[in-house]
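J.: Dropping a structure here in structure tokens format, bear with me for questions.
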Amino acid sequence: MSAATLLRVQHACKRFGGLVAVDDVSLAVKTGSITGLIGPNGAGKTTLFNLITGLIPPDSGTFHLHEKRYDPTSVHNVARAGICRTFQNIRLFSDMTALENVMVGRHMRTQSLHTGVMGAILRTRGFRAAERHIRERAQALLDYVGLSNLATHRSKSLSYGDQRRLEIARALATDPKLLALDEPAAGMNATEKNTLRDLLLRIRADGTTILIIEHDVKLIMGLCDAVTVLDHGQVIAQGLPQDIQRHPAVLEAYLGHGHTHV
Amino acid sequence: MDILLQQLINGLVLGSVYALIAMGYTMVYGILQLINFTHGEVLMVGAMISLLVVNALQSSLPALPPAGLILIALAASVPVCMALSALIERVAYRPLRNAPRLAPLITAIGLSITLQTLAMIFFSPNPMVFPDLLPTTPIQIGGAFLAPKQLFIFVVSLALMMALMFMVQRSPLGRSMRAVAENPQMALLMGIDPNRIVAITFMLGAALAAVAGLALAMNYNIVHFTMGFIPGLKAFTAAVLGGIGNLPGAVVGGLLLGMIESLGAGYIGDLTGGFLGSHYQDVFAFAVLILVLVIRPSGLLGERVADRP
Amino acid sequence: MTALASQPRHKALWAVLLIGCVLLVLPFAAGLLGNAWVRILAFALLYVMLALGLNIVVGYAGLLDLGYVAFYAVGAYVYALLSSPHLLEQFPLLAATFPQGFHLPIWILIPLCAACAALFGVLLGFPVLRLRGDYLAIVTLGFGEIIRIFMNNLNAPINLTNGPQGITGIAPLEVMGHPLSQPLDMGIFKLSTLELHYFLFLALTLLVLLISLRLQDSRIGRAWMAIREDETAAKAMGIPTRNVKLIAFAMGASFGGVAGAMFSAFQGFVSPESFGLMESIVLVAMVVLGGMGNVWGVVLGAVLLYAIPEALRHLARPIQLQLLGEEWIAPEALRMLLFGLSMVLIMLLRPRGILSPRTPSP
């Protein structure tokens, strides 16, 4: 099972007017791995990410999760299929508390007659049990990411680093097969990045596959089992981190553009 | 066939007024993503002032030709409307630029109510007659009649619309307006003061509204403190129909809506076998709006709105 | 929970008891000043109910509905049609089937009105689901107007709503066999019809309040708020936004329907005039001014924006006569003026509403 492919993207294409953002990209994410997606600015990483997670409809391409085709045109269907993502510019529910944000993540996994409107109004035993379960699970996830004490704080009052971790907790609440992270380390200092790295390794160890876009090449190399490099919308290299680091096309793409990250 | 022609004429005239008003809405929405609910009231104030001037002049200078009356009426109402609109923007909208999106909507509605009530108190709670300024003998076109005032309204409206579109496309001010509409931060970096441009946008729309107010007063011979509301709503519909933020769209939307309304009112009896009568006319505007938004939300010519964070 | 519950328990209990006593005694105190004041209280409660209903749509789910009055109208007309001789007069077939009139008991009639309003809520909801904020506002406004125009014109060729004249002869509410048009003699004291209506409305309002609070603190409540905060993120978490929005419309509309039924029965008469755009606008103002999504804020907003202008309307004339010797501004005009100005001022001073948007539950 661990060698099986979780996510398979084949021949994904997307153009915006005259600009080809994603040009015949194919990508496979192994179950249980942390796969990185890197490339210089404007390489098409975010667009590809948005195609995979349903935010933008692809012009062409097929998308499979566990060898089963999924429809990449509906955000909420993608979530239900088992891909849950975070956002580059952090999209938390600002006026809701940290705990409530994570509880929302449990929404689609707690469907039953009890949790509907009538259950809420009548406060049936089934409803109360379901609510208790949601709350407990959410608190557990907050503990897992290290935000236990911030449960009752409004999410917009949290520090930047905490907000990022909260977003991850919320995504984990949906019991995803694939956790898709969009630049989770952006704006973090070295200590925070280490904490993030440990968290992601723990998530992988606990059985969730991760796909991650990042600009911090060092972080990616130290974290990922496989890396795909994009430039100008095309895949220029795919494979193990140590191979990618030495790959001539990759070096040219980064250094040739005068683009280095420490 | 005669009915068709008549309704088309009526529709075009009405539509040209809607277009004038719609342009004001669309420019403000394009720049601020705000529905300027007070726009209809600015129109009403324009009409009221025109009436005041016309009444005063007709009694003191009876020999003044219609052109003179109209010019002086506009010379009074346009600046007042522009000032009013700039004041509204400064006092009610600008402080709330960073507030939750519903806040300026509520202030707009509150101001709309306040303006209407003030007009009711200071002018009159009752409808007032607006005298005919132009000769009333209709021109015959085929089997239909075109009143001189209708021709006047249509020509003036069309001229103003063309002038505004030309100005926005070709002049430096127009460029600044388009820049701020697309990307206010970038425009600021280019040395354009967005606040000034926003104020000018409001004032341009208000000037058109003042003319539209006079046009409506002339067309229906009535001025009333609620006269701005429904046309305002319909004009917003027209702006959305054409593509919000899109100036030519407002023109197309306005003319189209005027014709749909006119034709609909004329034919609805036949279409529904007598079930619905022409008093359902207002329903048309709304029905069109709903259909457009559901089927093609970006409007006929596509919307042009900046992305607001 | 609320600020109330964060204080020591017994303090909160005392506060609730105090408010309870005030609410119970209020109609009698107001009655001393005159019947008009008790009517104001009863109507204030109706507005609170409506505002709470709208709060679900606007406050919880963030859907700007400017045509909410349509649901009020549906509830009112359904009640009117089923409790007055109008339909029986128009359709001999119905008169033959129900020679004594429909005579539906209150526990069927009120849910029926709520259900009809909810149905309209869903019908309105469907086409507007994909619309963003301002467009949604205009379309819902259009719907509200369309409903009113239909109510005003559906008197030919079939006379359903009796057009601008409205429907008269609406039977009063009957609670446990006692029609509310008759005073209730309880031995120790007598309750007038106005007071009876007040207490019924109070009970219903408290019920609506309870339901609102329970919905807020539930899975569906969180889903609504997620949509309000960031719809894309909500979708990305798997929330079926279309259905959740429809539920918001339906629930909100059902409260409006109940209030409409009460209105109908209270007045004994309904006409399209009572369901204009202004009503929708006033309701939105109540919700936003009070503090969107905050149930207590909404109650405050409803009371402030209804009771105070109404009080003013009654007092404007005597006050002006006292101070100025004559009436400078007509009471209705003064009310509208102050209403408009207060909307502007409150929004400028406190854009998020008087009470902050709901304090989250721990």
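The values are calculated or read from the model by the stated rules, or taken from the named source; none is laboratory data. Computed from a predicted model, the values in this text were never measured in an experiment. Don't worry about glycine lacking a Cβ; one is built from the backbone with ideal geometry, like all the others, and counts go over all protein chains shown.
For (1) in a loop (DSSP other than H, G, I, E, B); (2) under 22 Å from B:Glu303 (Cα atoms); (3) among the hydroxyl-bearing types (Ser, Thr, Tyr); (4) free of Cβ contacts under 8 Å to residues at least 40 places away in the same chain, each residue gets a yes or a no:
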site: B:Val168; (1), (2), (3), (4): no, yes, no, no
site: B:Ala181; (1), (2), (3), (4): no, yes, no, no
site: B:Met186; (1), (2), (3), (4): no, yes, no, yes
site: B:Asn195; (1), (2), (3), (4): no, no, no, no
site: B:Gly205; (1), (2), (3), (4): no, yes, no, no
site: B:Asn219; (1), (2), (3), (4): no, no, no, no
site: B:Leu233; (1), (2), (3), (4): no, yes, no, no
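J.: Go through (1) facing chain C (nearest Cβ under 8 Å); (2) surrounded by fewer than 22 Cβ atoms within 10 Å (Cβ to Cβ) one by one and return the number of the condition B:Gly142 breaks.
T.: (1)
J.: Report yes if some residue within the stretch A:129-145 is without any contact (Cβ under 8 Å) to a residue 24 or more places away in the chain, facing another protein chain (nearest Cβ under 8 Å) and surrounded by 16 or more Cβ atoms within 10 Å (Cβ to Cβ); otherwise report no.
T.: Yes, that holds for at least one residue.
J.: Find the residue count for the stretch C:108-149, including only residues that are closer than 23 Å to C:Gly166 by Cα, touching a Leu at 6+ places or on another chain (Cβ under 9 Å) and facing chain B (nearest Cβ under 8 Å).
T.: Final tally of qualifying residues: 4.
J.: What number of residues within the stretch A:63-98 satisfy the criterion of being in contact with a Pro (Cβ under 8 Å, 6 or more places away or on another chain) and more than 17 Å from C:Pro240 (Cβ to Cβ)?
T.: Summing the residues that are in contact with a Pro (Cβ under 8 Å, 6 or more places away or on another chain) and more than 17 Å from C:Pro240 (Cβ to Cβ) in the stretch A:63-98 gives 6.
J.: Kindly indicate the residue of the stretch A:91-128 that is of a type in the set (Lys, Arg) and more than 26 Å from A:Lys177 (Cβ to Cβ) and also surrounded by the most Cβ atoms within 10 Å (Cβ to Cβ) among those meeting that condition.
T.: Here the residue is A:Arg123.
J.: Report the residue count in the stretch A:194-222 for those that are assigned to a loop (DSSP other than H, G, I, E, B) and without any contact (Cβ under 8 Å) to a residue 12 or more places away in the chain.
T.: 1
J.: Look at B:Ser77 and say whether it is in contact with a Gly (Cβ under 6 Å, 6 or more places away or on another chain), buried (at least 22 other Cβ atoms within 10 Å of the Cβ), among the polar types (S, T, N, Q) and at pLDDT 90 or above.
T.: yes
J.: To continue, here is another question. Report, ordered by the first and then the second residue, all pairs with beta carbons closer than 7 Å, sequence separation of six or more or different chains, a first member in the stretch B:87-110 that is facing chain C (nearest Cβ under 7 Å), and a second member that is of a type in the set (Val, Ile, Thr) and part of a helix (DSSP H, G or I).
T.: Listed by first residue and then by second, the contacts come to B:Ala92/B:Thr107; B:Ala92/C:Val344; B:Leu96/B:Thr107; B:Leu102/C:Val288; B:Ile106/C:Val288; B:Thr107/C:Val344; B:Ile109/C:Ile281; B:Gly110/C:Val344.
J.: Please find, within the stretch C:27-79, the residue that is modelled with the lowest pLDDT out of those that are small (Gly, Ala, Ser) and in a loop (DSSP other than H, G, I, E, B).
T.: Ranking the qualifying residues of the stretch C:27-79, first place goes to C:Gly34.
J.: Quick check on my filter: what residues within the stretch C:339-348 are surrounded by 20 or more Cβ atoms within 10 Å (Cβ to Cβ) and more than 7 Å from chain B (Cβ to nearest Cβ)?
T.: C:Ile346
Matching residues to (1) of a type in the set (A, V, I, L, M, F, W, C); (2) touching a Pro at 6+ places or on another chain (Cβ under 6 Å):
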residue	(1), (2)
C:Phe98	yes, no
C:Thr140	no, no
C:Ile158	yes, no
C:Lys190	no, yes
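J.: Can you tell me which residues in the stretch C:80-110 are loosely packed, with under 15 Cβ neighbours inside 10 Å, assigned to a helix (DSSP H, G or I) and within 26 Å of the chain's Cα centre (by Cα)?
T.: Matches in the stretch C:80-110: C:Trp107, C:Ile108.
J.: Is it the case, given these coordinates, that A:Leu158 is in contact with an Asp or Glu (Cβ under 9 Å, 6 or more places away or on another chain), within 14 Å of chain C (Cβ to nearest Cβ), over 16 Å from A:Gly36 (Cα atoms) and at pLDDT below 95?
T.: The answer is no for A:Leu158.
J.: Turning to a different aspect of this structure: Give B:Leu71, B:Leu115, B:Leu84 a once-over and let me know the one that is under 21 Å from the mean Cα position of the chain (by Cα) and either within 12 Å of another protein chain (Cβ to nearest Cβ) or basic (Lys, Arg) (or both).
T.: Of the residues listed, the single one that is under 21 Å from the mean Cα position of the chain (by Cα) and either within 12 Å of another protein chain (Cβ to nearest Cβ) or basic (Lys, Arg) (or both) is B:Leu115.
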